[in-house]
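Undergrad: Dropping the structure in here first, questions after.
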Amino acid sequence: MGRELAKEGVSVEAIYYCHHRPEDGCDCCKPASGLFWQEVKEYHIDLGCSYLVGDKLSDLLPAHALGSKAILVITGHGIEHSRLINEQDFKPDHMVPDLYAATQLIVSHSAT
Ligand SMILES: [Zn+2]
């Protein structure tokens, strides 16, 4: 993935992942926020200026607890999850058709 993104001029600082099983009850498996806090500590991330982007509502659940914005992309699982929005307490801040649109939204908000 890093090589493919590099071809487009995108660099990835780090990739975090949980290597536990759901039954392990760790604090890093989404929707827990342990990995996000690790990133914040290591990269001094301003959560108020950050976005979580995903195609599953469960991916985005930590966003509001972290003080960040949640963007649901309507690709992959996002098609199914966008239909579940009205049945959920959690609502993403934005829904966009794909990652490119998410990028455009973030850049436009950063410019203001
Ligand atoms: Zn974990």
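Undergrad: Before we move on, is G48 within 21 Å of L60 (Cβ to Cβ), of a type in the set (G, A, S) and more than 16 Å from the ligand (Cβ to nearest atom)? Explain how you work it out, then say what you get.
TA: Numbers: within 21 Å of L60 (Cβ to Cβ): yes; of a type in the set (G, A, S): yes; more than 16 Å from the ligand (Cβ to nearest atom): yes.
Taking the combined requirement at face value, the residue satisfies it.
Undergrad: Residues being touching a Cys at 6+ places or on another chain (Cβ under 7 Å) and modelled with pLDDT of 90 or more: count how many of those fall in the range 1-27.
TA: First, the residues of the range 1-27 that are touching a Cys at 6+ places or on another chain (Cβ under 7 Å): 18, 20, 22, 26.
Okay, now just the ones that are also modelled with pLDDT of 90 or more, so 18, 20, 26.
Residues flagged as touching a Cys at 6+ places or on another chain (Cβ under 7 Å) and modelled with pLDDT of 90 or more within the range 1-27 amount to 3.
Undergrad: Shifting gears a bit: Out of (1) surrounded by fewer than 16 Cβ atoms within 10 Å (Cβ to Cβ); (2) modelled with pLDDT of 90 or more, the odd one out for A63 is which?
TA: Only one criterion in (1) surrounded by fewer than 16 Cβ atoms within 10 Å (Cβ to Cβ); (2) modelled with pLDDT of 90 or more is unmet by A63, namely (1).
Undergrad: May I ask you to list the residues in the range 25-49 that are without any contact (Cβ under 8 Å) to a residue 12 or more places away in the chain and exposed (fewer than 11 other Cβ atoms within 10 Å of the Cβ)?
TA: Matches in the range 25-49: G25, K41, H44, D46.
Undergrad: If I go through the range 15-24 residue by residue, how many of them are loosely packed, with under 10 Cβ neighbours inside 10 Å, closer than 26 Å to A101 by Cα and either over 14 Å from the mean Cα position of the chain (by Cα) or within 11 Å of the ligand (Cβ to nearest atom) (or both)? Break it down into steps so the answer makes sense when it comes.
TA: Initial filter on the range 15-24 (loosely packed, with under 10 Cβ neighbours inside 10 Å): 15, 17, 19, 21-23.
Checking which are closer than 26 Å to A101 by Cα leaves us with 15, 17.
Then keep just the ones that are either over 14 Å from the mean Cα position of the chain (by Cα) or within 11 Å of the ligand (Cβ to nearest atom) (or both); that gives 17.
Residues in the range 15-24 being loosely packed, with under 10 Cβ neighbours inside 10 Å, closer than 26 Å to A101 by Cα and either over 14 Å from the mean Cα position of the chain (by Cα) or within 11 Å of the ligand (Cβ to nearest atom) (or both): 1 in total.
Undergrad: Which residue out of K30, K56 is at negative phi, within 16 Å of the ligand (Cβ to nearest atom) and either under 17 Å from the mean Cα position of the chain (by Cα) or not aromatic (F, W, Y) (or both)? Please lay out each step first, then the result.
TA: On the way: K56 fails: within 16 Å of the ligand (Cβ to nearest atom).
Step by step, each of K30, K56 is checked, and only K30 is at negative phi, within 16 Å of the ligand (Cβ to nearest atom) and either under 17 Å from the mean Cα position of the chain (by Cα) or not aromatic (F, W, Y) (or both).
Undergrad: Kindly evaluate G2 against the criterion of being away from the ligand (no atom under 16 Å from the Cβ) and exposed (fewer than 12 other Cβ atoms within 10 Å of the Cβ). Working first, answer last.
TA: Numbers: away from the ligand (no atom under 16 Å from the Cβ): yes; exposed (fewer than 12 other Cβ atoms within 10 Å of the Cβ): yes.
For G2, the condition - away from the ligand (no atom under 16 Å from the Cβ) and exposed (fewer than 12 other Cβ atoms within 10 Å of the Cβ) - is met.
The values are calculated or read from the model by the stated rules, or taken from the named source; none is laboratory data. Here the structure is a predicted model, which is why all the values come from computation and not from measurement. FYI the Cβ positions are ideal-geometry reconstructions off the backbone, even for glycines, and counts take in every protein chain you see.
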